[in-house]
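A.B. asks: I have a structure I would like to understand better, so I am pasting it below and will then ask my questions one at a time.
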């Protein structure tokens, strides 16, 4: 599981501890730790001893919003994750504060993600061009060597926690469904989230975000295909840069 899933875990932990004040031990096959948990007072660290609640985020190897997983496909179920928590250090907060007020765009998806989550480089570049035309400067974040869109500023973020710190102080963002859309929810950052047809906001979405999903009677929660599919290509094509730019301008205004 990646950053986004672990941010969702912190939301599950929050809900559990609001009902029962004991700390929570996160376990997969064994006790688990992940950078998204750092400094979270609700989560028991690996060496800590005590009478803890136990959260097992995967049942039979499946994420809580998935019913079946094959090499080719995920099958989704409606889920609506609770908003997570990230506890940033003073040093991390200071790093993010240097770049306050940015509008973040994220054209990349994680390497293991389905290609059906990719909106397309040409569309991302057109979006940046449109936003620049409207007087909205854009910024990408990422590690050194990140491939950049034309006309963006770049903030090098050596870790996902640094990226979260920059996003936490952002004016708004446009991101694919994934780790940064979960992070935007944590910090209540106005977000336009590009879903396409692979997965629905009824599965991983948050109230208050603009979720661009192309509904389909055959795939009401998204098709879940992990290989390129025509359905997702058409869904992404229907989400034009003009639509995204207008939605973001509406949020920023």
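Where a number appears in this text, it was derived from the coordinates with a stated rule and is not lab data. Quick caveat, the model's predicted, so the values are computed rather than measured. We place every Cβ from the backbone using ideal geometry, glycine too, and count neighbours over all the protein chains shown.
A.B. asks: If R₀ is 35 angstrom, what is the calculated FRET efficiency for the pair residue 227 and residue 156, using the beta carbon separation as r and rounding to 0.05?
C.D. replies: Calculated value: 0.60.
A.B. asks: Give the angle, between 0 and 90 degrees and rounded to the nearest 10, that separates the Cα long axis of helix 3-19 from the longest principal axis of the Cα atoms of the chain.
C.D. replies: Taking Cα atoms only, the helix is inclined about 50 degrees.
A.B. asks: Rounded, prolate or oblate: which fits the stretch 7-86 when a ≥ b ≥ c are the square roots of the eigenvalues of the alpha-carbon gyration tensor, with rounded for a/c under 1.5 and prolate only if a/b beats b/c?
C.D. replies: prolate
A.B. asks: May I pose another question? Say each of residue 91 and residue 47 gets a label point 7 Å from the Cα, pointing the same way as Cα to Cβ; how far apart are those two points in nm?
C.D. replies: 1.9 nm
A.B. asks: In degrees between 0 and 90, to the nearest 10, how far off the longest principal axis of the chain does helix 121-133 point, with axes built from Cα atoms?
C.D. replies: Approximately 70 degrees, to the nearest 10.
A.B. asks: Got the relative contact order for the chain handy, in percent, Cα pairs under 8 Å and 6 or more residues apart?
C.D. replies: Once divided by the residue count of the chain, the mean separation gives 21 percent.
A.B. asks: Mind ranking 125-135, 45-55 by how tightly packed they are, going by the mean number of other C-beta atoms within 10 angstrom, highest first?
C.D. replies: 125-135, 45-55
A.B. asks: Same structure again: For 136, 239, 43, what's the fewest-to-most ordering of other Cβ within 10 Å of each Cβ?
C.D. replies: Lowest to highest Cβ neighbour count: 136, 239, 43.
A.B. asks: State whether the stretch 58-168 is rounded, prolate or oblate according to the following rule on the C-alpha gyration tensor (a ≥ b ≥ c being the square roots of its eigenvalues): a/c under 1.5 gives rounded; otherwise a/b larger than b/c gives prolate, and the remaining case gives oblate.
C.D. replies: In terms of gyration-tensor shape, oblate.
A.B. asks: Then there is this: In deg cm²/dmol, rounded to 500, what helix-only [θ] at 222 nm does the chain give when every DSSP H run of at least 4 residues adds -39500 (n - 2.57) and the total is split over its residues?
C.D. replies: Dividing the helical sum by the residues of the chain leaves -9500 deg cm²/dmol.
A.B. asks: Length gain on complete extension for the stretch residue 125 to residue 110, per 0.36 nm per residue less the alpha carbon to alpha carbon distance?
C.D. replies: That pair, residue 125 and residue 110, stretches by 3.5 nm at full extension.
A.B. asks: Restricting to the chain, compute how many DSSP beta bridges are antiparallel as a %, nearest 5.
C.D. replies: 25 percent
A.B. asks: Right, another one. Sorting 73, 102 on the 10 Å Cβ count, fewest up front, what's the list?
C.D. replies: Going from sparsest to densest Cβ surroundings: 73, 102.
A.B. asks: Given a Förster radius of 25 Å and the C-beta distance between residue 216 and residue 39 as r, what FRET efficiency does 1/(1 + (r/R0)^6) yield to the nearest 0.05?
C.D. replies: After rounding to 0.05, the efficiency reads 0.05.
A.B. asks: With a point put 7 Å past each Cα toward its Cβ, work out how far residue 27 is from residue 132 in nm, to one decimal.
C.D. replies: The two pseudo-label positions are separated by 5.4 nm.
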